[in-house]
Amino acid sequence: MTKQRILQVGSLSGSPSANQRLADGYDVFELWKHGDRKAALAEYGAGITAMVTSASMGADAALIAALPDLKAICSWGVGYETIDVQAARQRGVMVSNTPDVLTDCVADLAWGLMIAGARRMSLGDRYVRAGRWGQVHGSIPLGTRVSGKKLGIVGLGRIGQAIARRGDGFDMEVRYHNRRARTDVPYTYEASLVELARWADFLVVATVGGPETRHLVNREVLEALGPKGIIVNIARGPVIDEQALATALESGKLGCAALDVFEHEPNVPDALKTSDNTVLLPHIGSATYETRLAMEDLMLENLQSYFQTGKLVTPVD
Ligand code: 8YV
């Protein structure tokens, strides 16, 4: 049987077996292997009806326009602010992502960051590795208790709610800021993000990325969180004004930042790297074997469903 032809934007090397399974099941046009992308698309683009991409690689309007027969974009990842959904919709191109399957692991990592920031785990780790155990007392300031504190969540979608639920186990009071109040959750809504930050001990960013949330967490929010406050970001880097974040940490107006995402990945400002009051991770929220495999399965399911039924299993809203 001849294989269906698809376009793959880039290598999915962060997934256990996605590249192999795509190559086994499809005739894959590997766009990232072509130096002159425009020329390659002009030569091979016609006839391709399905594209595989990821949250980080995306699909812009130019790429969509270069594929005149495109009908479906199947993305590996939940965020899709890098995919021009508007351009796709105008052309009648369907888009799918991989929601739900990564919720628990991303929420777990948010809690890991909260605890690591509050209990100065990265700093302690550095002392042990450097043979400086004897200098810990007096050098590493005491941490902050986590249990029983106030947890503010920015964006109470699937991941935000999973983070909130875990707060029960830590006897925390949870409040949230969202585009609008939800009627289906037991947490207090705070219409003002600044007020939420003023109230919270921990502020966890779990909102979607894209232009509407860019720099939502600005200087005013960070200063309201205050010198003892801890900000955590497992969503998208640009939601926080990174320059304002570095300044707030340097001046002592913010206590700590524990981050899995950055404004200009993979670049991380030196001010964040040299601070003792940061925990820095390389965007690994979904990076467990189980979750990355589940994301891969769901992306492949969408692709298969498109070819078999003309419909996607998890289309984006
Ligand atoms: C992905 C993510 O690992 O799903 C998302 O939106 O940010 C991560 O889970 C990564 O972006 C894949 O490119």
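Below are the figures for this structure:
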{"item": "Proximal lysines relative to LYS150, as straight alpha-carbon distance under 26 Å, when same-chain residues fewer than 8 apart are discounted", "result": "LYS228, LYS253"}
{"item": "Among 292-300, 204-212, 86-94, the order from most to least packed when residues are scored by Cβ within 10 Å on average", "result": "292-300, 204-212, 86-94"}
{"item": "Dipole magnitude of the chain, debye to nearest 20 (Cβ charges: Lys/Arg +1, Asp/Glu -1, about Cα centre)", "result": "380 debye"}
{"item": "Listed residues MET121, ILE159, PHE262: farthest to the positive end of the dipole of region 102-280 (Cβ charges)", "result": "MET121"}
{"item": "Local electrostatic count, GLN243, Cβ distance below 15 Å [Lys/Arg +1, Asp/Glu -1]", "result": "-3"}
{"item": "When each of LYS3/LYS71; LYS33/LYS273; LYS38/LYS311; LYS33/LYS311 is checked by Cα-Cα distance, pairs over 27 Å", "result": "LYS33/LYS273; LYS38/LYS311; LYS33/LYS311"}
{"item": "For region 102-280, the spread of Cα positions along each principal axis, largest first, Å", "result": "52, 33, 30"}
{"item": "Estimated Rh, the chain: Kirkwood, alpha-carbon pairs, angstrom", "result": "21.0 Å"}
{"item": "Distance-filtered residues of region 291-305 - backbone nitrogen under 20 Å, label point 7 angstrom along MET1 Cα→Cβ", "result": "297-305"}
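Coordinate-derived values only; no laboratory data. Source: prediction; values computed, not measured. Here Cβ is always computed from backbone atoms with ideal geometry, including for glycine, and neighbour counts include all displayed protein chains.
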